[in-house]
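To keep things clear, I will list the structure first and then write my remarks on it.
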Amino acid sequence: MTGMTNYYWCLKHKRVETDENKCDVTKLLGPYPTHHEAVHALTKVKQRNETWEAEDERWTGERD
């Protein structure tokens, strides 16, 4: 899709970047369709990790 802007969360600079000014892909989360989603990328990562850890605990019966 041309004309569509992708947004990324830069782990190096701790800011939102776009296709025009993004860092190397190894330092990015995304792409996201909106600036808002990119801003909240780390929150989403944290929530997913907590969900996966709880599921692992349920399967193994072990806690960290």
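Each reported figure results from applying straightforward, stated rules to the coordinates on display, with no laboratory input. Computed from a prediction, not measured in an experiment: that's the story for all the values here. All Cβ positions, glycine included, derive from the backbone under ideal geometry; neighbour counts span all protein chains shown.
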Rounded to two decimal places and with Rh computed the Kirkwood way over Cα pairs, what is Rg over Rh for the chain? 1.16
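Sorted by mean Cβ packing within 10 Å, highest first, what order do the peptides 51-58, 37-44 take?
Listed from highest to lowest mean packing, they are 37-44, 51-58.
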As straight-line cross-link partners of Lys12, the qualifying aspartates and glutamates (C-alpha separation under 13 Å, not fewer than 8 residues apart within one chain) are Asp24
Can you run phi through the Karplus equation (6.51, -1.76, 1.60; θ = phi - 60°) for the stretch 12-19 and list ³J(HN,Hα) in whole Hz, with x for Gly and Pro? 6, 9, 6, 7, 7, 10, 10, 3
For Gly30, what is the net charge nearby, where nearby means another residue's Cβ is under 9 Å from its Cβ and Lys, Arg count +1, Asp, Glu -1? -1
On Cα atoms only, tilt of 41-60 relative to the major axis of the chain in degrees: 20 degrees
Given backbone amide H placed at 1.01 Å from N, residues whose amide H is under 5 Å from that of Leu28, ignoring those fewer than 5 places away on the same chain, are Leu11
